[in-house]
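Peer 1: Have a look at the structure that comes next, please.
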Amino acid sequence: MASVREMTREDIPFALELTAREGWDYSEGDFERILGYAPGGCFIGEDGDRSAGMVTTTPYGEAE
């Protein structure tokens, strides 16, 4: 069954694997910062017990 959950620091190796496949030059520190900026805005998609994708969001100030 597919589901979505908040990303944790334990998911960083998976995130690095995905970004490397896409040729993006992300580091562990980049994901640490993203999680620090928006811990409730980073998600992992799962298919059963397997991580299948991710999405991150970053706020740029307060919404009006």
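Peer 1: Can you confirm whether R33 is modelled with pLDDT under 95 and either open to solvent by less than 80 Å² (accessible area, probe 1.4 Å) or not aliphatic (A, V, I, L, M) (or both)?
Peer 2: Judged against the criteria, R33 is a match.
Peer 1: Could you say whether any residue in the range 39-58 is surrounded by 14 or more Cβ atoms within 10 Å (Cβ to Cβ), not β-branched (V, I, T) and not in a strand (DSSP E or B)?
Peer 2: Yes, the conditions are met somewhere in the range 39-58.
Peer 1: Looking only at the range 1-31, count every residue that is part of a helix (DSSP H, G or I), in contact with a helix residue (DSSP H, G or I) (Cβ under 7 Å, 6 or more places away or on another chain) and not aliphatic (A, V, I, L, M) and tell me the total. Write out each step before concluding.
Peer 2: The initial filter retains those residues of the range 1-31 that are part of a helix (DSSP H, G or I), namely 9-21, 28-31.
This time we only want the ones that are in contact with a helix residue (DSSP H, G or I) (Cβ under 7 Å, 6 or more places away or on another chain), so: 9, 12, 15-16, 28, 31.
Still in the running and not aliphatic (A, V, I, L, M): 9, 28, 31.
Residues in the range 1-31 being part of a helix (DSSP H, G or I), in contact with a helix residue (DSSP H, G or I) (Cβ under 7 Å, 6 or more places away or on another chain) and not aliphatic (A, V, I, L, M): 3 in total.
The values are calculated or read from the model by the stated rules, or taken from the named source; none is laboratory data. Everything numeric here is computed off the predicted structure, so don't read it as measured data. Cβ atoms come from the backbone with ideal geometry, glycine included; neighbour counts cover every protein chain shown. Accessible surface areas use protein heavy atoms only, side chains included; no ligands, DNA or RNA. Shrake-Rupley method; radii C 1.70, N 1.55, O 1.52, S 1.80 Å.
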